[in-house]
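Contents: one structure, followed by commentary.
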Amino acid sequence: MKFKRFISVFLLCTCLTGLFLTPAAGALEVPDIDALRKSSPTFGKHVCVLLSEENKRQFFIPRGFAHGFVVLSEEAVFMYKVDNKYAPQAEASIVYNDETLGIDWMLGESQMLLSPKDKEGMAFRDAVYFE
């Protein structure tokens, strides 16, 4: 796989980025959802992975998956690589608290810093899927 961009991000405690990484500092909980591949045996299922500067894990998120993250430390710096250019016309957001997906974000809603985009995402059942 050939990567097109390398991105570095700094976030503060309890920032949640919803469903649309390797931390250099801090800790993140990263849910990864098989959200777009309707014919997949794992369609609609998710796995959550803890990434931290202590465990030094990396996490590969393939095409056709939705992902988000929540910062569990006071702050976090992480880096990720992408294999294509940003295409805003192809972007969609599944609401972070979708009942069908049932993701445990490890924080209460009152603790989360959410963007309007993350609050207004669509339900998983309304997302566009591929066969």
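We did not get these values from a lab; they are worked out from the coordinates using the rules stated. What you are looking at is a predicted structure, and each value in this text was computed from that prediction instead of being measured. We place every Cβ from the backbone using ideal geometry, glycine too, and count neighbours over all the protein chains shown.
Loop-located GluC sites (Glu not before Pro) across segment 48-121 with a Cβ neighbour count of 11 or fewer within 10 Å are 54, 74, 91, 99, 120, with loop assigned by DSSP. Note on 83, 118: ascending count of other Cβ atoms within 10 Å places them as 83, 118, the fewest first. Quick check on segment 53-106: take the gyration tensor over C-alpha atoms, sort the square-rooted eigenvalues as a ≥ b ≥ c, and tell me if it's rounded (a/c under 1.5), prolate or oblate. Taking the square roots of the gyration eigenvalues as a ≥ b ≥ c, segment 53-106 is oblate.
A straight chain from residue 82 to residue 60 at 0.36 nm per residue would run longer than the Cα-Cα distance by 6.9 nm.
Sorted ascending by nearby beta carbons within 10 Å, beginning with the fewest, 128, 49 become 128, 49.
Close amide-amide hydrogen proximity is noted between residue 37 and 130, each under 5 Å apart and 5 or more residues distant or on a separate chain (H modeled in the peptide plane; Pro and chain starts excluded). Rounded, prolate or oblate: pick one for segment 35-124, where a ≥ b ≥ c are the square roots of the eigenvalues of its C-alpha gyration tensor, a/c under 1.5 means rounded, and failing that, prolate if a/b is larger than b/c, else oblate. Taking the square roots of the gyration eigenvalues as a ≥ b ≥ c, segment 35-124 is rounded. Stretched out straight at 0.36 nm per residue, the stretch from residue 91 to residue 113 would grow longer than its current Cα-Cα span by 5.8 nm.
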